[in-house]
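**Student:** One structure follows; several queries about it will come next.
Readers should treat all values here as calculations from the given coordinates under stated rules, not as data from a laboratory. Bear in mind the structure is a predicted one, so any value in this text is a computation, not a measurement. Cβ placement follows ideal geometry from the backbone for every residue including glycine, while neighbour counts extend to all protein chains displayed.
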Amino acid sequence: MNNMPRKTQRLTDAPEDIRRAAELLRQGELVGIPTETVYGLAADALNGAAVTGIFAAKGRPQDNPLIVHIASFQEWAPLVTSIPPAARMLAEAYWPGPLTMILPRSDLIPKEVSAGLDTVAVRMPSHPTAQAIITACGRPLAAPSANRSGSPSPTTAARVLEDMDGRIAAVVDGGPCTVGVESTVVDLCGIRPRLLRPGGVTLSMLEKVAGAVEVDQAVTGRLREGQRAASPGMKYKHYAPKAQVILVKGAAEAYRRFISAQTEENPDGLAALCFDGEDLNLGIPAVTYGGREDHAAQAHQVFDALRRLDEIGAKKVYAACPEPDGIGLAVYNRLLRAAAFEVIELDG
Ligand code: TXA
Ligand code: MG
């Protein structure tokens, strides 16, 4: 029933609406839920048929596994076969919060969740509404970001409806997400922790607790032909608006000169995605996404900015590139994929 056209209920975070959302989830329905990172498209993680509905609603490839969301530490152990010391320390330091850990999965995890892998991704979100829904439901929830596959992740309930209205049973409005980019994904199945996707828990935060962390080359690099992705969702193009995006690396003044040179050639359909205060006199429509030095604001705004570029009719977007430090690494990682790795490096 999950992918039949239907009326999507708009729910609030009031207690009776949380109960309604939990009831729908227990019946195997799909519900858009707020988290501190991005909105998730949730289903009962222990119900394989419900989880199949997520893939249909998103148009998501079946080989891309899902994150299982829990609301308490007791829910963790049954989902995995072991919890190494580094995982326990990371959980104590950063859960609830924007951190996902990959561990060997237990037999409780349906194959639909793990996409056939022998591991499972688990995260404990800090958003009070997400916690209340998981608790009321009494089951862990599988939830990818609530966008159609390939599109920028939604950070408000209205953005969820843009992609999912008529495809899911309900969406719970918990206000705008605070972090704005998806959780950090760390693989704890090897000798050393391995960062697969950067997010709100930064590399230095991980290393402070767990010692040296390897960074998967897919975090900042393109997979080579035929190479297997450690995290299937970190493949080539993702998070992309309809417009073509090109990432432009360089200082503010070099970026401005570059844009004016492009504008002289052919300004039709060109738009800029740039930092606050750097959008004046560019000669083309511009959308900003936080200050050049303010990585938290960039993370908070980047996905909405990508969607706004489509709304203003942009065809080709020159995106000013953030510094890959702290949570800036997560913003850089998402923009690289939005740009399908097309990068221009300016001098000076
Ligand atoms: O912040 C988030 O993590 C959000 C909110 C809703 O919690 N969820 C989210 O889910 O971003 P999704 O499905 O859009 O991204 C999950 C990422 C994908 O890159 C997927 O390939 C990876 O985690 N992943 C999931 N299970 C995995 C596993 N067993 N091994 C390796 N990567 C895994
Ligand atoms: Mg996603």
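**Student:** For residue 14 and residue 249 in one chain, what is 0.36 nm times their gap in residues minus the Cα-Cα distance, to one decimal in nm?
**Tutor:** Difference between extended and current length: 80.1 nm.
**Student:** Kindly provide the helix-only [θ] at 222 nm of the chain, computed as the sum of -39,500 (n - 2.57) over DSSP H runs of four or more divided by all residues, to the nearest 500 deg cm²/dmol?
**Tutor:** Result for the chain, helices only: -9000 deg cm²/dmol.
**Student:** Now a separate question. Find the relative contact order for the chain and round it to a whole percent, using C-alpha pairs within less than 8 Å whose residues are 6+ positions apart.
**Tutor:** RCO, the chain: 19 percent.
**Student:** Find the Rg to Rh ratio for the chain, where Rh is the Kirkwood radius over alpha-carbon pairs and Rg uses the same atoms.
**Tutor:** Rg/Rh for the chain comes to 0.97.
**Student:** Could you work out how much longer the chain between residue 106 and residue 325 gets when fully extended? Use 0.36 nm per residue separation minus the Cα distance between them, nm to one decimal.
**Tutor:** 75.3 nm
**Student:** What helices in the chain pass both tests, a Cα length along the helix axis of 18 Å or more and a mean Kyte hydropathy of 0.5 or higher, using whole DSSP H runs? Provide the component values of the computation, followed by the final result.
**Tutor:** On the way: long enough: 252-265 (20 Å, -0.94); 295-311 (24 Å, -0.65).
Counting only whole DSSP H runs, no helix qualifies.
**Student:** Who wins for biggest fluctuation among 205, 101, 124 in a Gaussian network model of the chain, springs between alpha carbons below 10 Å?
**Tutor:** Between 205, 101, 124, it is 205 that shows the largest mean-square fluctuation.
**Student:** What whole-number distance in Å separates the alpha-carbon centres of the stretch 151-221 and the stretch 1-73?
**Tutor:** Taking the Cα centre of each part, the stretch 151-221 and the stretch 1-73 sit 17 Å apart.
**Student:** Still on this model: For the stretch 131-172, state what percent of all Cα-Cα pairs lands in each successive 5 Å bin, counting from 0 Å until the bin that includes the largest distance.
**Tutor:** For the stretch 131-172, the pair-distance distribution reads 5, 21, 26, 23, 18, 7, 1.
**Student:** Which Rg and Dmax, in Å, describe the Cα atoms of the stretch 55-168?
**Tutor:** 14.5, 44
**Student:** At q = 0.16, 0.27, 0.32 Å⁻¹, work out log10 I(q)/I(0) for the stretch 243-292 with the Debye formula, treating every Cα as an identical point scatterer and leaving solvent out; two decimals please.
**Tutor:** Ignoring solvent entirely, the Cα scatterers give -0.40, -1.21, -1.58.
**Student:** Could you give the dipole magnitude of the chain about its Cα centre, charging the beta-carbon of Lys and Arg +1 and that of Asp and Glu -1, in debye to the nearest 20?
**Tutor:** With Lys and Arg at +1 and Asp and Glu at -1, about 900 debye.
**Student:** Residue 260: net charge of surrounding residues, Cβ under 14 Å, Lys/Arg +1, Asp/Glu -1, itself excluded? Walk me through the numbers on the way to the answer.
**Tutor:** Working: positive: 256, 257; negative: 253, 264, 265, 278, 279.
Residues near residue 260 contribute -3 overall.
**Student:** When a footprinting reagent is the concern and you count Cβ atoms within 10 Å, what order do 258, 303 take, fewest first?
**Tutor:** Working: 258 17, 303 29.
Sorted ascending by nearby Cβ count, the order is 258, 303.
**Student:** Report D for the stretch 1-105 in µm² per second (integer): Stokes-Einstein, Kirkwood Rh on Cα pairs, 10 °C, 1.306 mPa s.
**Tutor:** Values: Rh = 15.5 Å.
Value of D from the Cα-based Kirkwood radius: 102 µm²/s.
**Student:** Quick one: the Cα spread of the stretch 123-268 along its three principal axes, in angstroms, biggest first?
**Tutor:** The principal-axis extents, from largest down, are 59, 44, 33 Å.
**Student:** Then there's this: Sorted from fewest to most neighbouring beta carbons within 10 Å, what does the list 213, 343, 331 look like?
**Tutor:** With the fewest neighbours first, 213, 343, 331 line up as 343, 213, 331.
**Student:** Next up: For a quick check, take a GNM of the chain with Cα springs below 10 Å and name the residue from 154, 61, 241 with the largest mean-square fluctuation.
**Tutor:** Looking only at 154, 61, 241, the largest GNM fluctuation is found for 61.
**Student:** Most mobile of 21, 212, 271 per a Gaussian network model of the chain (Cα springs, under 10 Å)?
**Tutor:** Greatest mean-square fluctuation among the candidates belongs to 212.
**Student:** Give me the net charge for the shell around residue 79: Cβ to Cβ below 15 angstrom, other residues only, Lys and Arg +1, Asp and Glu -1.
**Tutor:** Value of the local net charge: 0.
**Student:** Rg to Rh ratio, the stretch 198-348, alpha-carbon atoms and Kirkwood radius? Before the final figure, lay out each step's value.
**Tutor:** Values: Rg = 15.8 Å, Rh = 16.0 Å.
Rg divided by Rh gives 0.99.
**Student:** A further question follows. Using the Cβ atoms and a cut-off under 13 Å, what net charge is assigned to the surroundings of residue 285, where Lys and Arg are +1 and Asp and Glu are -1?
**Tutor:** -1
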